[in-house]
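Visitor: Below is the structure I would like to discuss, written out as structure tokens.
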Amino acid sequence: MNVFVTGGAGYIGSICVEELLNAGCHVTVYDNLTEGHRSAVDRRAAFVHGCLSDRPKLEQAIQGAEVEAVMHFAANALVGESMTNPGKYFRNNVASGLNLLDAAVAARVKKFVFSSTCATYGPPDRVPMTEDLPQKPINPYGESKLMFERILQWYEQIHGLEFIAFRYFNAAGASEQFGEHHRIETHLIPNVLRVALGQMPEIQIFGTDYPTPDGTCIRDYIHIKDLAQAHIAGLQPGKRGFYNLGNGDGYSVREVIQMCEEITGRKIPAVEKPRRPGDPPRLVAAADKAFKDLHWNPQYPKLRDIVATAWAWHQKHPHGYPD
Ligand code: UDP
């Protein structure tokens, strides 16, 4: 199968590309490298350096690659940043994403796989969270992804472009070759590991007065290779709609820090800070729908294994990718 992957030089995209290639697909990566890294693109993939806002280039790249499926990872994905610069999120995640949808329709692409997020739900009325919960995002990042989910439904109805959208909980961990390197790192696990590596003096805990047992936010961490496997399962014709991807276990910020201390064998100093705007207190997935419909079977459900693979990668690449 020929798969066109936007954002294939980013963290989640790069590992999905690796797994697609391992599964025998032909892959073309389209990425503008503002967030991604050229060296994170598997050498077996074709690479086009381009922006989603450059519609002619995008159309040419899709037509040239005889694409059967599109996987769309290219997006801005930081809750905190979206609370200070919402325009960036609506422009890049919604408006530029429309160019990709139109190019996919014009090229008669059969399947569109979309990277969505649990941030589309906002603070849930209950956990674990099923796909039918109301979606009331509390930050522009989640809102932009929800807008795109809704657009996808219209494109499927009107243009016949079958879609599957995965609502990720907290992607973490690494493959042997590829891992998490953001130029400005805001995510919890890579930041804690940077403290372990001596690159930061301490980890800041954003909020200790949440209504959770230890007062810090709870998240459901999911291994990046397990995420990738769900995307491959989602390529099958007829697999469509919305799926949560998470393990169903919630860990607090303090528990994550403690696990990182255990895995690294290093003391990780932490300081308590005020809440970060836009953070829901507790997000935990019910992913039964993916287990049942996609026969999705996570291989690394334990936080210990997730952190261990991330730590192995960070030790091998203490400064991340060279570019
Ligand atoms: N967090 C933290 N310190 C950090 C980074 C994150 O306390 O340096 C908290 C953050 O406020 C949230 C949780 O860790 O409650 C997970 O944040 P992350 O940015 O990793 O993922 P998000 O859930 O926002 O997508």
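The values are calculated or read from the model by the stated rules, or taken from the named source; none is laboratory data. Predicted, not measured: the structure shown is a model, and the values here were computed from it. Neighbour counts are summed over all protein chains in view; Cβ atoms, including those assigned to glycine, are modelled from backbone coordinates with ideal geometry. Accessible surface areas use protein heavy atoms only, side chains included; no ligands, DNA or RNA. Shrake-Rupley method; radii C 1.70, N 1.55, O 1.52, S 1.80 Å.
Visitor: Scan the stretch 148-168 and tell me whether some residue there is out of contact with any Ser or Thr (no Cβ under 7 Å at 6 or more places or on another chain), within 16 Å of the ligand (Cβ to nearest atom) and in contact (Cβ under 8 Å) with a residue 24 or more places away in the chain.
Guide: Looking for residues that are out of contact with any Ser or Thr (no Cβ under 7 Å at 6 or more places or on another chain), within 16 Å of the ligand (Cβ to nearest atom) and in contact (Cβ under 8 Å) with a residue 24 or more places away in the chain, one finds none in the stretch 148-168, hence no.
Visitor: Further question on the same structure: Among Tyr210, Tyr243, Tyr221, Tyr251, which is the only one that is in contact with a Lys or Arg (Cβ under 6 Å, 6 or more places away or on another chain) and in contact (Cβ under 8 Å) with a residue 24 or more places away in the chain?
Guide: Only one candidate passes the filter, namely Tyr243.
Visitor: Report whether or not Asp226 is in contact (Cβ under 8 Å) with a residue 60 or more places away in the chain, touching a Cys at 6+ places or on another chain (Cβ under 6 Å) and either surrounded by fewer than 18 Cβ atoms within 10 Å (Cβ to Cβ) or under 29 Å from Ile205 (Cα atoms) (or both).
Guide: Against the criterion (in contact (Cβ under 8 Å) with a residue 60 or more places away in the chain, touching a Cys at 6+ places or on another chain (Cβ under 6 Å) and either surrounded by fewer than 18 Cβ atoms within 10 Å (Cβ to Cβ) or under 29 Å from Ile205 (Cα atoms) (or both)), Asp226 does not qualify.
Visitor: Return the residues of the stretch 234-267 that are away from the ligand (no atom under 16 Å from the Cβ), aliphatic (A, V, I, L, M) and within 27 Å of Ala308 (Cα to Cα); say none if nothing qualifies.
Guide: The one that is away from the ligand (no atom under 16 Å from the Cβ), aliphatic (A, V, I, L, M) and within 27 Å of Ala308 (Cα to Cα): Ile263.
Visitor: Select from the stretch 268-291 the residues that are more than 9 Å from the ligand (Cβ to nearest atom), open to solvent by less than 70 Å² (accessible area, probe 1.4 Å) and part of a strand (DSSP E or B) and list them in ascending order.
Guide: Scanning the stretch 268-291 gives Val271, Ala285.
Visitor: Using beta carbons and a limit of 9 Å, which pairs, at least six apart or on different chains, have the first residue in the stretch 18-34 and free of Cβ contacts under 8 Å to residues at least 24 places away in the same chain and the second one of a type in the set (A, V, I, L, M, F, W, C)?
Guide: Hits for this filter: Gly24/Met1; Thr34/Cys51.
Visitor: Let me ask something else about it. From (1) under 20 Å from Pro280 (Cα atoms); (2) touching a strand residue (DSSP E or B) at 6+ places or on another chain (Cβ under 7 Å); (3) open to solvent by less than 30 Å² (accessible area, probe 1.4 Å), pick out the condition that doesn't hold for Asn170.
Guide: (3)
Visitor: Further question on the same structure: Please verify whether the stretch 187-197 includes one or more residues that are open to solvent by 40 Å² or more (accessible area, probe 1.4 Å) and more than 18 Å from the chain's Cα centre (by Cα).
Guide: Yes: one or more hits.
Visitor: I'd like the residue in the stretch 196-207 that is touching a residue at least 40 places away in the same chain (Cβ under 8 Å) and more than 9 Å from the ligand (Cβ to nearest atom) and, out of all such residues, is nearest to His314 (Cα to Cα).
Guide: Leu197
Visitor: Scan the stretch 83-104 and report the pairs whose first residue is in contact (Cβ under 8 Å) with a residue 60 or more places away in the chain and whose second residue is open to solvent by 40 Å² or more (accessible area, probe 1.4 Å), with Cβ atoms within less than 8 Å and a gap of 6+ or a chain change.
Guide: These pairs meet every condition: Met83/Pro277.
Visitor: Working carefully through the options Val29, Val79, find the one that is touching an Asp or Glu at 6+ places or on another chain (Cβ under 9 Å), of a type in the set (Val, Ile, Thr) and within 27 Å of Arg276 (Cβ to Cβ).
Guide: Answer to the check: Val79.
Visitor: OK, next. Would you confirm whether or not the stretch 55-74 contains a residue that is within 16 Å of the ligand (Cβ to nearest atom) and at pLDDT 95 or above?
Guide: So far as the stretch 55-74 goes, yes, one or more of its residues are within 16 Å of the ligand (Cβ to nearest atom) and at pLDDT 95 or above.
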